[in-house]
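Scroll down for the structure; my scribbles are underneath it.
The values are calculated or read from the model by the stated rules, or taken from the named source; none is laboratory data. Remember, it's a predicted structure, so these values are computed and weren't measured experimentally. Cβ placement follows ideal geometry from the backbone for every residue including glycine, while neighbour counts extend to all protein chains displayed. The accessibility values were calculated without ligands, DNA or RNA, using every heavy atom of the protein model including side chains. Shrake-Rupley method; radii C 1.70, N 1.55, O 1.52, S 1.80 Å.
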Amino acid sequence: MKHIIGAKPVPGRSPAESEPGAVAVRWVEVDAESAGQRLDNFLIRELKGVPKTHVYRIIRSGEVRINKGRAAADTRIEAGDVVRVPPVRISEKVAAKAERPAPAREFPLLLEDEHLIALDKPAGVAVHGGSGVSFGVIEQLRQARPQARFLELVHRLDRETSGILLVAKKRSALTHLQDQFRERETGKTYLALASGDWPERLKVIDAPLHKYLQADGERRVRVTTAEDPDGMRSITLVKVRTRLPARPAEGLPAMSLLEVTIKTGRTHQIRVHLASQGHPIVGDDKYGDFDLNRRVQKHGLRRMFLHAWRLQFGHPASGERVTLHAELPPELSGFLSPAVPA
């Protein structure tokens, strides 16, 4: 049995005026907050629960129209545009998933105003659903705030990384903040615990990164050469904050708590850059020292030690420089108790 998403009478039209099957067609007028958005992203929000492949299929087929004309997925919609949203038939399995919304959840707030939310994301929570994850921060936040007309992620954090995450409450704020991230006008500093004694002289890692898929389809990243046409230049600045001496009796080596500032925002950049220098992040289950990871678990560290600690950006409305801090969560600060200053 198939289910129809978006099956509603056509507003403002009598049955006689409707096209065949129009009882399930919607004509949606674009408001100011949605102006400038790509058509595909607009439809993904309108057709909640519909797989993206279905959304792109109805765009290609011409079933979606803007002001009665065909449009491509990357067409930017404008305020006042009228978008024809057709009914979409989906399987029972997909329909059942759509009917099970993400559980509503609020997250610790660092800043909130009418333009943006800065929250302190816990480790173990994805920022959005997809790739085997049913939901993430943004879906839970939307459920917790059904009255919010607009909530969109400004940037992303890995699932196992905790710390500062920005959510825009207006499209104008989203584009303004994303432009800052893209133009490297933000300051992003993480706290990472690396295995071994980090050398003081090593303050800059300027090594290109190459993304690839493993045989099982999992995404990975590796350091490559400047000659690699698929390599992306990646720059990481490192400062030693604290050193943890070795604890031979407990089977633990020396470790270094680092302040890591990224000048480029590549996938897994900090994790791969630190590992490439022989000092992987403690607890990293992709690029780390797996034997050490097992040992630190016995001492209470059961996650990757990477935390988005400080974020600096220009406020999207006032332009004022904003600096936010998210202190280390207890499961990380507790592991550092034997540490001494560098």
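The table for this structure:
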| quantity | calculated |
| --- | --- |
| Selection from Leu209, Pro245, Gln143 lying farthest towards where the dipole of the chain points positive, charges on Cβ | Gln143 |
| Structure-based [θ]222 nm, the chain - -39500 (n - 2.57) summed over DSSP H runs of at least 4, per residue, nearest 500 | -5000 deg cm²/dmol |
| Volume per residue of the C-alpha convex hull in the chain, rounded to whole Å³ | 168 |
| Global form of the stretch 187-342, assessed from the alpha-carbon gyration tensor, a/c cut-off 1.5 | oblate |
| Å² of accessible area per residue within the stretch 150-195, as computed with a 1.4 Å probe and no ligands counted | 37 |
| Mean Cβ neighbour count within 10 Å, used as a protection proxy, ranking 328-336, 272-280, 231-239 highest first | 272-280, 231-239, 328-336 |
| Within the accessible area of the chain (1.4 Å probe), percent carbon and sulfur | 50 |
| Label-point gap, in nm, between Arg60 and Tyr212 - each point 7 angstrom along Cα→Cβ | 2.9 |
| At R0 = 25 Å, FRET efficiency that the Cβ-Cβ distance of Ala246 and Arg159 yields, to 0.05 | 0.25 |
| Stretch gain in nm, segment Ala35-Thr264, where the contour uses 0.36 nm per residue and the Cα spacing is subtracted | 79.6 nm |
| Inter-label distance, nm, simple model (7 Å from Cα along the C-beta direction), Lys298/Glu327 | 3.2 |
| Cα centre as origin, Lys/Arg/Asp/Glu Cβ charges: the chain dipole, Debye | 600 |
| Area of Ile77 that stays accessible when all protein chains are in place (1.4 Å probe, Å², to 10) | 0 |
| At R0 = 25 Å, FRET efficiency that the Cβ-Cβ distance of Leu109 and Glu320 yields, to 0.05 | 0.85 |
| Distance in nm between pseudo-label sites at Thr53 and Thr225 (7 Å out along the Cβ direction from Cα) | 3.8 |
| Whole-Å distance, taken between Cα centres, linking the stretch 267-333 and the stretch 152-178 | 17 |
| q = 0.18, 0.21, 0.23 Å⁻¹, the stretch 158-250: log10 I(q)/I(0) [Debye, one scatterer per Cα] | -1.21, -1.28, -1.28 |
| Square roots of five times the Cα gyration tensor eigenvalues for the stretch 108-215, Å | 28, 18, 15 |
| Most to least packed among 61-67, 242-248 [average Cβ atoms within 10 Å] | 61-67, 242-248 |
